[in-house]
1. Among all residue pairs at least 6 apart or on different chains, which show Cβ distances below 7 Å where the first residue, located in the stretch 534-546, is under 13 Å from Val131 (Cβ atoms) and the second is open to solvent by 30 Å² or more (accessible area, probe 1.4 Å)?
2. For the stretch 374-400, which residues satisfy the criterion of being under 15 Å from Ala235 (Cα atoms), in contact with an Asp or Glu (Cβ under 9 Å, 6 or more places away or on another chain) and not aliphatic (A, V, I, L, M)?
3. Out of the stretch 339-353, which residues are open to solvent by 100 Å² or more (accessible area, probe 1.4 Å) and basic (Lys, Arg)?
4. Looking only at residues in the stretch 226-245 that are open to solvent by 10 Å² or more (accessible area, probe 1.4 Å) and of a type in the set (A, V, I, L, M, F, W, C), which one is nearest to Pro460 (Cα to Cα)?
5. Starting from the stretch 4-33, keep only residues that are more than 13 Å from Leu196 (Cβ to Cβ), then list their pairs with residues that are of a type in the set (Ser, Thr, Tyr) and open to solvent by less than 40 Å² (accessible area, probe 1.4 Å) whose Cβ atoms are within a distance under 6 Å, requiring at least 6 positions of separation or different chains.
6. Are there any pairs, at least 6 apart or on different chains, whose C-beta atoms fall under 6 Å, with the first in the stretch 390-408 and under 17 Å from Met463 (Cβ atoms) and the second assigned to a loop (DSSP other than H, G, I, E, B) and of a type in the set (A, V, I, L, M), and if so, which?
7. Can you tell me which of Leu112, Leu105 is at positive phi, open to solvent by 70 Å² or more (accessible area, probe 1.4 Å) and at pLDDT below 95?
8. Of everything in the stretch 423-455, what is among the small types (Gly, Ala, Ser) and at pLDDT below 95? Give them in sequence order.
Amino acid sequence: MTDVLLLLLSVLLVLAATYLPGYAVPRALGGSRLLSLAIAPAVAAGIAGTAALIAPFVGVGWSLLPHLGLALVLVGLAVLLRRWGVRLPGAALEGRLMPPRTVLLAPVWVTLAAALAVVPIAVRARTPGVVLERWDTLYHLSALQRIRETGTASSLDVGSVSSTVGEATAYPAAFHALASLVPGVPVPIVLNGAVLALALVPWLLGSALLARAVFPEVAWAPFAVAIGAAIVPAAPLDEWIHLSAIPNLVGFAALPGALAAVLALWQALFPGPTPTGPTSALQEGPAVDAAPTASGWRPALAALAIAGLAALGLGLLHPNVAVMALLLTTVLTAATALRERRRRRLLWLVPVLCVIPVLLLALTPLAAAVTGFQGGLQVPWWSALGEILLGLLTVWPMALGIILAALWWPGLVRTLWRGPARWVGVAWIVVAVLYLDSAVDSPLGLSTLWYRGQDRLSMPLAMLSVLLIVPGLQVWGRLRGPLDADGRRPRPSRPVIALLVVLALAAGASSIPTRLDNAAKNLSAEYSGRGRFLQQDELEAWAAADPTMDHSLKVLASPFSGASHMYAIHGQQVYFPVAGMALENQDRALLYALSGSNGEVPAAQVCDLLHEAGVGYVYQEQITYQWSSTFDLVNRADPAIGTVVFETDQSRLIAVDCEGTT
């Protein structure tokens, strides 16, 4: 029970650290409540990531102090700018999210939809502190523990966790900066709570606000899109369990809200045709009044400033999320520039300026660490095309995806055919092409900025697909019959409504077995055909031995063994804390000497090497997450190098004892 409370505390603290400063800055600059709420996660990531970069240079350890300090500075600056007339323009996100009584008990239905995604994960997780059995999870656990030890959450330093000599390397660490603001809670619980908070709430709320911005005349659009975002198979929460690409998925969870804010600001600066009268097949009138327009350079400057801070935040969460945001903004602004080509010819500069950074990263060595990445799941072109057309994307494909595809496909056709939301259809095609490129591992390399990974591109594609459910439902709504004299369609009968509700519940429930099985693959203690870092008897043995161990001495073990997780779980120093270690020559020399691979080495010399490396324990394990010829050298060490601390059926922990060695 205590762990459950700690998990809830972690969720609440991370949400507070995200939404309070993230909301306050745009609000102080004159933004509407909904606009500020939409862009808050991206802005907060920008604040946390920047404050974490600055803190080491001013000699301040990472905590709430620098995070809130920078937030207060930005709020003060925003207040000054607003007094000088530099304020955010009136936007389409002013007013309510939905008119009152649009959907009876809407929050309850959205909560139930979210539970459909969360509960199967919780069932398989068993405990709040469960460790997700994925390569990336180990990295993020160790990174959070390293931040606690060093007091540094800078993106210039967090990458040092993958170096045995502490060599600093750049790694986007805005997520780690936000998560590490939770004090005193075990690291595994903090990580799970932070991901649960930032993968779910910004995704659902941001998707609803994006629907509000794209379809302001459709009263029920935010509700429909929030439901779709909760249950769509390729949501960020699913990507967490599937791959644990945490900074990437948290960034994509913040993308809908950021895009909603950018769209609203853009519409306020360059308004298009205003919808008049009911345009929805399922609605009896406009949802909101037309947004006030803005003119002059001051509103544009304020909009550019807050959008820039949000873009910085997305980039510090993960650079390819910022790239996707620029790509989608290019499509959005190009649509307006095309419409206004005769009145505002210079407007083309905006999409051009948005796409230039994308091209520079894709075509130059600036992103060589990503563009040179090889790997990912490769499938035949016809299979990849089927995934896109049927909604069976790489992340957790299930029958529910086909049902949702039946809703958004008519919406895609409709938006491409006519209407102010045509840019959404074009954006969907752009992301679908990137997904196809990654799925077939195309020589064009269009998806290299996303690691050629369908899993990462599944999330923005799911975001746009869910958005297209709104016009899709409008198309299906025409089956109710022609408009009457008042411009309304006949209401469906109660039996029809009851049948639709039963079908919707059945469609959602049909995904539960698949969700449970997918969650079990990486959360259950055992799953056939899946590797495991941690074995149950191993966890128990480590817990029993922990009070007697010297935590200042390192454990030398394969990073694919359970020992690598003891750094985050028990605070025990380990020599290889992450799976993707950057090995130095001295690391290889230590492994070769310990195993005798290059000839027998005197025990005294081995002891000297271990002592110089700060190693006090050697851990040998036969069942690892995956096998590595390099790290398997630890298993060849002579057990006589010390005394056995504990032994299980597949592992052994040895306390190094060099007294009397020759």
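The values are calculated or read from the model by the stated rules, or taken from the named source; none is laboratory data. Keep in mind that this is a model prediction, so the values were computed, not measured. Ideal geometry is used to build each Cβ from the backbone, glycine not excepted, and the neighbour counts take in all protein chains shown. Please note that ligands, DNA and RNA were not included when accessible areas were found on the heavy atoms of the full protein model with its side chains. Shrake-Rupley method; radii C 1.70, N 1.55, O 1.52, S 1.80 Å.
1. Gln535/Ile623; Gln536/Ala525; Trp542/His570
2. Result: Thr394, Trp396, Pro397.
3. Scanning the stretch 339-353 gives Arg339, Arg341, Arg342, Arg343, Arg345.
4. Val232
5. Tyr23/Ser36; Pro26/Ser36; Arg27/Ser36
6. Qualifying pairs under 6 Å: Leu393/Ala234; Val395/Ala234; Gly401/Leu392; Trp408/Leu468.
7. Result of the check over Leu112, Leu105: Leu105.
8. Here is the first cut: in the stretch 423-455, the residues among the small types (Gly, Ala, Ser) are 425, 427, 432, 438-439, 442, 445, 447, 453.
Scanning the stretch 423-455 gives Ser438, Ala439, Ser442, Gly445, Ser447, Gly453.
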